[in-house]
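S.K.: First the structure, which I've put down as structure tokens, then a few questions once you've had a look.
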Ligand SMILES: C[S@@+](CC[C@H](N)C(=O)[O-])C[C@H]1O[C@@H](n2cnc3c(N)ncnc32)[C@H](O)[C@@H]1O
């Protein structure tokens, strides 16, 4: 599987190139996962015993994948539209002795969604904001989540919008076609709830919102059979 030749894919390959991937790996080794990744890991750990499979959409170098493998996930599929990230993630998995536990896929998850099997946990860490059509991305993610859906996305605050507009303007001036978006949180929440999920935790940083959703019947069975 490789990335398509859409505007999104070529812009993403350019934005998340080898240099960025090498920087992210070095930072992860030095400092551990970034704040949203830590909050997603801790939120999932607190939500219930974590087992089964993971589908990490927009995995980057795989920081969240590695963190969740440490706390109970047995096998992961990590998909990203950046080839540099997928290559770096594969090397990092080798280095950590996790090569057997992760299948790396390169491409746009949305246009190739049918190739992905359902997983116990589906995650999107700082991914929705990179994709123009967030409804399709979330819909395909929700369809594949058997028990948990966990995501981080930018808060809809004036200073987040201003910061993002400035970054996008800088990219426009530099001829870089990559763009980021503040998608409406209420629309995202409605869509996820419409797939039979309920919100079990929400944590905020100044910029990011980190949500953990559970399939409604999973929450019932967890509480009735502790
Ligand atoms: C800001 S990076 C975050 C990477 C990682 N999740 C993290 O938090 O470090 C966003 C990533 O999402 C990926 N992405 C966005 N939309 C995607 C899609 N539809 N299919 C696959 N990857 C996608 C991009 O390629 C990029 O690597």
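S.K.: Using a Gaussian network model of the chain whose springs link C-alpha atoms within less than 10 Å, name the residue from 15, 74, 117 with the highest mean-square fluctuation.
M.R.: 117
S.K.: Tell me the label-point distance for the pair residue 117, residue 202, using the 7 Å Cα-to-Cβ offset, in nm and rounded to one decimal.
M.R.: That separation, rounded to one decimal, is 3.4 nm.
S.K.: Right, something else. Only residues of segment 178-218 count here: report those whose backbone N is under 14 Å from the spot 7 Å along Cα→Cβ of residue 168, or say none.
M.R.: Inside the label zone: 178-184.
S.K.: How many nm separate the modelled label positions at residue 14 and residue 176, each set 7 Å beyond the Cα in the direction of the Cβ?
M.R.: 1.0 nm
S.K.: While we're on this one: How long is the gain from residue 190 to residue 35 if the chain were fully straight, where each residue apart is worth 0.36 nm and the alpha carbon distance is subtracted?
M.R.: Working: separation 155, 0.36 × 155 = 55.80 nm, distance 2.53 nm.
Here the answer is 53.3 nm.
S.K.: Considering only DSSP beta bridges where both residues belong to the chain, give the percentage that are antiparallel (nearest 5).
M.R.: Numbers: 14 of 33 bridges.
Counting DSSP beta bridges with both partners in the chain, the antiparallel share is about 40 percent.
S.K.: Same structure, new question: In nm, to one decimal, how far is the residue 133 label point from the residue 216 one, both placed 7 Å along Cα→Cβ?
M.R.: 2.8 nm
S.K.: Set the Förster radius R0 to 30 Å, insert the Cβ-Cβ distance between residue 75 and residue 155 as r into 1/(1 + (r/R0)^6), and round the FRET efficiency to 0.05.
M.R.: Details: r = 32 Å, r/R0 = 1.08.
According to the calculation, E is roughly 0.40.
S.K.: Then there's this: Using the scaling law 2.2 N^0.38 Å as the reference, what is the normalised Cα Rg of segment 7-224?
M.R.: Numbers: Rg = 16.5 Å, N = 218, 2.2 N^0.38 = 17.0 Å.
Dividing the Cα Rg of segment 7-224 by 2.2 N^0.38 Å gives 0.97.
We did not get these values from a lab; they are worked out from the coordinates using the rules stated. Everything quoted here is computed from the prediction, not taken from an experiment. All Cβ positions, glycine included, derive from the backbone under ideal geometry; neighbour counts span all protein chains shown.
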